[in-house]
Each structure stands twice: as structure tokens, then as C-alpha cells.
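Okay, structure first, notes after.
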Amino acid sequence: MNFRQKSSRYNAMVLFAAGITGATLIAAVVTSGFRPDFEISLACGLVVSLILHARASFALTRAQQELEMLRGLVSKFRPSSAKAAPKLKFEPVKRGDKKDVDALGLVQAAIENDRVDLYLQPIVSLPQRKVRCFEAFSRLRNEDGEVLKPADYLDAAERANRIGLIDNMILLRAVQALRQLGPESAQYRIFCNISPATIFDQDFFTRFTDYLDANDDLAHRLVFEFTYPAIEMMHGRVKENLNAITKRGFAFSVDHIRRFDLNWQALAEKNFRFVKASSALLLSESAKGAEGQARVKSFRENLRANNIDLIVEKVETEMQLPGILAIGIDYGQGALFGAPKIAGHYVKTEKHPKPEKQLSMAS
């Protein structure tokens, strides 16, 4: 029974008692010959009843007000429902090219039936080839268990403005993987590819930053990666939102660079701490003789001056490695060091993993 119900019932009881006392007093005055002592006693009883009623009513009203105030505070500061386990929603696409609609139908089915896997590819130190980081990829399976090729749905997702969901999946699975890595692997980072379109979407970005706040202890282990063409075309709002992510301690990486003479200082000021260059770009430039080698050397020196690490990617064969080591690059990624494989291949679950702080990332 709540305070309002108790107050109502108590008031009714006191008022009933006061009414009985008053009626008795009137009857006594009429029938007792107006005996003062009896009348005074009944009058005192009535007054005491009314005083008790007033005090009880005030106390219960005060308690009720305090309770309502507490309820308001609890409602205000209660953990958001967004901290529940992540739920990935995919709104069906009914309009557009039939091929896109079919491709996104497969994505929707995979998400709704929990057929989303995290794949990791190692990034190693050179020349030791010791694993230092991982790049995260999401892979979807159809109802037959076959892995869907990203090329079959990523472009369709971009066109249908559903790429944010793909980013959500990668981020959620990457955080889960980091939570499962043991304490001895605290030096590992995971790179997550993020589309500027997802950072531009303010509704998504709000949930995104809530999720980062809930997992702020992973700030030094989670890196968000953008392609350089995407950075060049970034909207002002995206840049502002990137600053908000930077203030939370998270770093960025850029890949798909085509030139060495970019404004690395400007990127460093935006907290870009990693640059990925393809082995083909670096080796072809070095093969141009002294001038090309000088450009590569200047490139490396500029990165180091701005506290940016260089990762050579797409290293496929042993034949490429001598030329890469001659350049003096510290980190490598590619099939030679490990192909993307399901996270369980690289990640060993702790016996007693810490509970994951989670927020809803539904799109």
C-alpha cells in the first residue's frame, strides 16, 4: 500500500472518529441536562482527535512529497535503458534497386538470427613479427552457414544509409574481443573501420559516445580507422564529432593514402596516431632510385616528428619483406603475417572475464 492510500484511509478513520465524537457530544448536551464536566470531556476528545488528524495528515503529506521527490531523482539518474545488452536492429529496405534490396535482406536475416562474426587480422612488429594489434572485420553468414562477401552488401548498405549498422557490429564485437583478452594482452589494440556517415548521424553519434563513455577504460586500446579520401571530404559536423571522440582519449588511424606529402601535422592535431600505407606504394617509390628513397625517408621522418606510427599493409609474400625492412618500417599487416580469421582463433577467453559495460547501439 503506498503513502497516498494510507493517508486517504487514515484521514477517513480520523474524520469518522471525529464525527462520532461530535454526534455524541451533541446528543449528550441534549440528554444529560448540560452537565459541564461531561461536555468538557467530550469537547476535549474532539479537539484531540482533530489535532491528531491534522498532525498525521501533515506528516503523511510531507512523507508523500519526499517520496515523490525521491522518485523524480531516481528517474532522473537511473541508468539509461541504453546500458542494456546491445540490440542491433535493421529496418528493412523496400525501395531501390532490386539487387540492393536482396543484398540488404541477407544482412537483415543475418543480424536477426545472430549470424554475425568478428574476424581479426594481426598487425605485427618488424622484424620480430610479434603481434601488437588487430584489425577488426565483421562477417555475416547466410542460413546455410556460408560467409557473405563484404563487397556483396557494403555498397548497398552505403546507398541505403545502413552502413552505421555495420559499424555498430564491428565496434560491439571488437569491444567484446578486448574484454575477452587476458590481462597479459593489455598492450594489444584493435582497429575498427568507421564510416564518416555514421559519425555525421547525430542520433547514432549520441549512442556511439554513450557507448565509448561506458567503455572508457579501453580508450588506449581501441583505434578508429578512416580512409584518407573520406577524411578529405569530411563535413564540418563530422570534424566536430571527431574532436568529441578525441577528448575521450580515443585515437584514429588513416589508410588508403596515395601520396607522402600530406599535412601530417594537421592529422596529428586531430589525434591520428597511425598511418597505413600499402606495400605496393612504398616498394614502388623505393624502386625509383635515390629520389624515391629520399621521399620515403622524408615521409617516415615527418610521421615520427608528429608521433604517428607507420604500418605497411597488404604484405602478401616473403619476397616483399626484404624491401620493406630496408625502408625501416616498424609494423606490418597482411596475409604473410596472418589472414583475417574468426576472433576465437586469436583471442583466448578468460576463465573469469570482467562483466562488459554495454550500451544499446541499435540503429
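Quick note: the coordinates plus some simple rules give every number you see, no bench work behind them. Model, not experiment: these values are computed from the prediction. Note: ideal-geometry Cβ built from the backbone for every residue, glycine included; neighbour counts use all protein chains shown.
HN-Hα J couplings of region 100-111 from phi, Karplus 6.51/-1.76/1.60, θ = phi - 60°, integer Hz, Gly and Pro as x? 3J(HN,Hα) across region 100-111, in whole Hz: 5, 4, 5, 4, 6, x, 5, 4, 4, 5, 5, 5. Counting other Cβ atoms within 10 Å as a rough exposure proxy, the listed residues Ser278, Ser125 run Ser125, Ser278 from fewest neighbours to most.
Counted by neighbouring Cβ atoms within 10 Å, the residues Glu146, Glu135, Glu225 run from fewest to most as Glu146, Glu225, Glu135.
According to the square roots a ≥ b ≥ c of the eigenvalues of the Cα gyration tensor, what is the shape class of region 86-345, taking rounded for a/c under 1.5, prolate for a/b larger than b/c otherwise, and oblate for the remainder? Note, shape of region 86-345 comes out prolate. Annotation for Ile342 and Lys99: the two label points, set 7 Å from Cα along the Cα-Cβ direction, are 3.0 nm apart. The H on the amide N of Asn193, modeled in the peptide plane, is under 5 Å from the matching H of Ala136, Glu225, each at least 5 residues off or on a different chain. When each of Met169, Met319 is scored by the number of other beta-carbon atoms lying within 10 Å, the sequence from fewest to most is Met319, Met169. In this rough spin-label picture, where each label sits 7 Å from Cα along the Cβ direction, the Glu112-Ala290 distance is 6.7 nm.
For Ile311, the residues 5 or more places off, or on other chains, whose built amide H falls under 5 Å of its own are Val275, Lys276, Ala277.
Per-residue 3J(HN,Hα) values for region 264-279, derived from phi via the Karplus relation 6.51 cos²θ - 1.76 cosθ + 1.60 with θ = phi - 60°, read 5, 5, 5, 5, 4, 5, 8, 6, 7, 10, 9, 10, 10, 10, 5, 4 Hz in sequence order (x marks Gly and Pro).
The stretch between Thr227 and Asp330, if pulled fully straight at 0.36 nm per residue, gains 35.0 nm over its current Cα-Cα span.
Percent of Cα pairs in region 220-355 per distance bin of 5 Å, from zero to the largest separation: 2, 9, 17, 19, 17, 14, 11, 7, 3, 1, 0, 0. Report for region 86-345 the percent antiparallel among DSSP-assigned beta bridges with both residues inside it, nearest 5. Antiparallel bridges: around 40 percent, rounded to the nearest 5.
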